[in-house]
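Structure first, then comments.
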């Protein structure tokens with residue numbers, strides 16, 4: 001049954017590996033660019049990076065972070081948030097393809113749920129885009145932070161990270177199901 005569904009969907013292992021390569025190619029430049037920008041943002045004490053900003057949740061905490069960054073580093077934060085947009089499809093497709101590859105492993109119900117979990121990274125990218133809208137509005141007006149922005153960004157970031165973590169947790173579950181299924185078949 002798994003082979004039929006995989007065949008009908010057109011997502012064979014070969015096609016998924018091609019998608020992995022394409023996704024990595026899409027994500028490489030934004031990833032390393034954002035990594036460099038985050039290193040610069042973390043230089044001043046108390047070392048706030050972009051993830052701390054994503055999870056600020058309140059105007060007070062967001063104000064503290066942009067205050068530490070100051071006028072000199074705010075353009076770097078803005079650039080990081082903008083560069084994140086081309087990164088989103090890269091990581092979403094990468095995690096989607098990897099999760100679908102794990103779903104191809106025979107594993108009964110785990111395989112079915114892993115196929116469903118492959119959609120989580122795609123949803124995570126949508127939440128990432130919402131998060132960045134909130135953060136960009138903070139960077140655009142650091143002296144008058146909109147009250148909705150840090151809370152919206154924090155909730156969206158938490159959902160994004162949770163969805164990615166859930167997808168990743170299906171990887172070892174698929175391997176374990178395969179190992180258990182393999183032992184039952186050989187017994």
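Of 86, 75, which residue is assigned to a helix (DSSP H, G or I), in contact (Cβ under 8 Å) with a residue 60 or more places away in the chain, on the phi < 0 side of the Ramachandran plot and surrounded by fewer than 16 Cβ atoms within 10 Å (Cβ to Cβ)?
86
What are the pairs with Cβ atoms under 9 angstrom where one residue, in region 18-29, is under 19 Å from residue 100 (Cα atoms) and the other, located anywhere, is outside any helix (DSSP H, G or I)? Sequence gap at least six, or different chains.
Note: pairs meeting the criteria are 19/11.
Does residue 10 meet the test of being surrounded by fewer than 13 Cβ atoms within 10 Å (Cβ to Cβ), modelled with pLDDT under 95 and closer than 16 Å to residue 115 by Cβ? Please lay out each step first, then the result.
On the way: surrounded by fewer than 13 Cβ atoms within 10 Å (Cβ to Cβ): yes; modelled with pLDDT under 95: yes; closer than 16 Å to residue 115 by Cβ: yes.
Against the criterion (surrounded by fewer than 13 Cβ atoms within 10 Å (Cβ to Cβ), modelled with pLDDT under 95 and closer than 16 Å to residue 115 by Cβ), residue 10 qualifies.
Say we look at region 141-156 and pick out the residues that are assigned to a helix (DSSP H, G or I) and within 12 Å of residue 62 (Cβ to Cβ); which of these is farthest from the chain's Cα centre (by Cα)?
Top of the filtered list is 148.
Identify all residues within region 49-68 that are farther than 13 Å from residue 135 by Cβ and not in a helix (DSSP H, G or I); write none if there are none.
58 - this is the single residue of region 49-68 that is farther than 13 Å from residue 135 by Cβ and not in a helix (DSSP H, G or I).
Determine whether region 178-186 contains at least one residue that is more than 16 Å from the chain's Cα centre (by Cα), outside any loop (DSSP other than H, G, I, E, B), under 17 Å from residue 60 (Cα atoms) and without any contact (Cβ under 8 Å) to a residue 24 or more places away in the chain.
For region 178-186, residues more than 16 Å from the chain's Cα centre (by Cα), outside any loop (DSSP other than H, G, I, E, B), under 17 Å from residue 60 (Cα atoms) and without any contact (Cβ under 8 Å) to a residue 24 or more places away in the chain: absent.
Among the residues of region 30-42, which ones are touching a helix residue (DSSP H, G or I) at 6+ places or on another chain (Cβ under 7 Å) and either touching a residue at least 40 places away in the same chain (Cβ under 8 Å) or not in a helix (DSSP H, G or I) (or both)?
Hits for region 30-42 are 30, 31, 33, 34, 37, 38.
With the condition kept exactly as written, say whether any residue in region 100-108 is surrounded by fewer than 22 Cβ atoms within 10 Å (Cβ to Cβ), touching a helix residue (DSSP H, G or I) at 6+ places or on another chain (Cβ under 7 Å), in a helix (DSSP H, G or I) and modelled with pLDDT under 95.
Yes, region 100-108 contains a residue that is surrounded by fewer than 22 Cβ atoms within 10 Å (Cβ to Cβ), touching a helix residue (DSSP H, G or I) at 6+ places or on another chain (Cβ under 7 Å), in a helix (DSSP H, G or I) and modelled with pLDDT under 95.
Filter region 71-130 for residues that are over 27 Å from residue 181 (Cα atoms) and more than 17 Å from the chain's Cα centre (by Cα) and give the result.
Within region 71-130, 71, 72, 73, 74, 75, 76, 77, 78, 79 meet the criteria.
With the checklist (1) on the phi > 0 side of the Ramachandran plot; (2) under 16 Å from the mean Cα position of the chain (by Cα) in hand, flag the one item residue 20 doesn't pass.
(1)
Anything in region 109-129 that is modelled with pLDDT of 90 or more, in a helix (DSSP H, G or I) and surrounded by 19 or more Cβ atoms within 10 Å (Cβ to Cβ)? List them, or say none.
Across region 109-129, the qualifying residues are 117, 120, 121, 124, 125, 127, 128.
Out of 62, 56, I need the residue that is within 18 Å of the chain's Cα centre (by Cα) and modelled with pLDDT of 95 or more. Which one? Give the derivation first.
Values: 62 fails: within 18 Å of the chain's Cα centre (by Cα).
On inspection, the qualifying residue turns out to be 56.
The values are calculated or read from the model by the stated rules, or taken from the named source; none is laboratory data. All of these numbers come straight from a predicted model, not from anything done at the bench. For neighbour counting, all protein chains shown are included, and Cβ atoms are generated from backbone atoms with ideal geometry for every residue, glycine included.
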